[in-house]
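Report on the structure given below.
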Amino acid sequence: MVRFLHPSEYKIMDLIIYKNLKKTTNSRSHIDDTSFFTNFAGLCVTEKITLNAGYTGSTFLWSTGATTQTITVTASDPQWYWVTVNNQGCTGTDSLFIDIRCDVNMPNAFSPNGDGSNDMFKPITKKVDTYQLHVYNRWGNEVYYYSGPGSGGGWDGTYKGVDAEVGVYDYYIKASFINGISYEQQGNVTLLR
């Protein structure tokens, strides 16, 4: 179950697993299972998630150095998170890999020479609903513009029907992921022939 806190942050409720503390014959509490997390598919870049190790009243040590029961992390790179829980001397450790499943990657060069390899300048996307791509030459003239579905659009290296000059071009992209989060990036690309 997902509870939306605001557009860029949510808490995944079914990621929180509370395990029962059981009494042993010596009356010491122990952790009966060291799995605090369920499998998790991934987040979009800039999304936040709250990880909860459960076991109120225990001590906690997260891979981030935090010592609280919960931590909130922002997806920026694929990364492992682990937590060690200590309940009256009994410990358990679990880990969770947070993968980036919504992403925009822009190539830094392309060669529109008709060989079928790198002939178009376009984003490599994961779970993008729509995007707008602007490409500008060194004089600031817009030589390409696309606005539409995340699976389309790419610059073929022409400007007004003529091959554009070899060189460096600036771009600006604004993408909307399927979860409604927006992403913006600017950079440059080298056109080679």
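All other residues whose Cβ lies under 11 angstrom from that of Gly154 are scored, Lys and Arg at +1 and Asp and Glu at -1, for a net of -1. Put Met120, Met106 in order of accessible area, highest first, and with a 1.4 Å probe you get Met120, Met106. Estimated at 0.36 nm per residue, the fully extended path between Gln185 and Ser63 surpasses their Cα-Cα distance by 41.0 nm. Once you reduce segment 45-60 and segment 125-145 to the center of their Cα atoms, the two points are 38 Å from each other.
Where in segment 84-111 does the label zone of Ser151 land, with the point 7 angstrom along Cα→C-beta and an amide N cut-off under 17 Å? Within reach of a label on Ser151: 103.
The values are calculated or read from the model by the stated rules, or taken from the named source; none is laboratory data. Since this is a predicted model, take the numbers as computed values, not measurements. Reconstructed Cβ throughout: ideal geometry from the backbone, glycine too, with neighbour counts over all protein chains shown. Please note that ligands, DNA and RNA were not included when accessible areas were found on the heavy atoms of the full protein model with its side chains. Shrake-Rupley method; radii C 1.70, N 1.55, O 1.52, S 1.80 Å.
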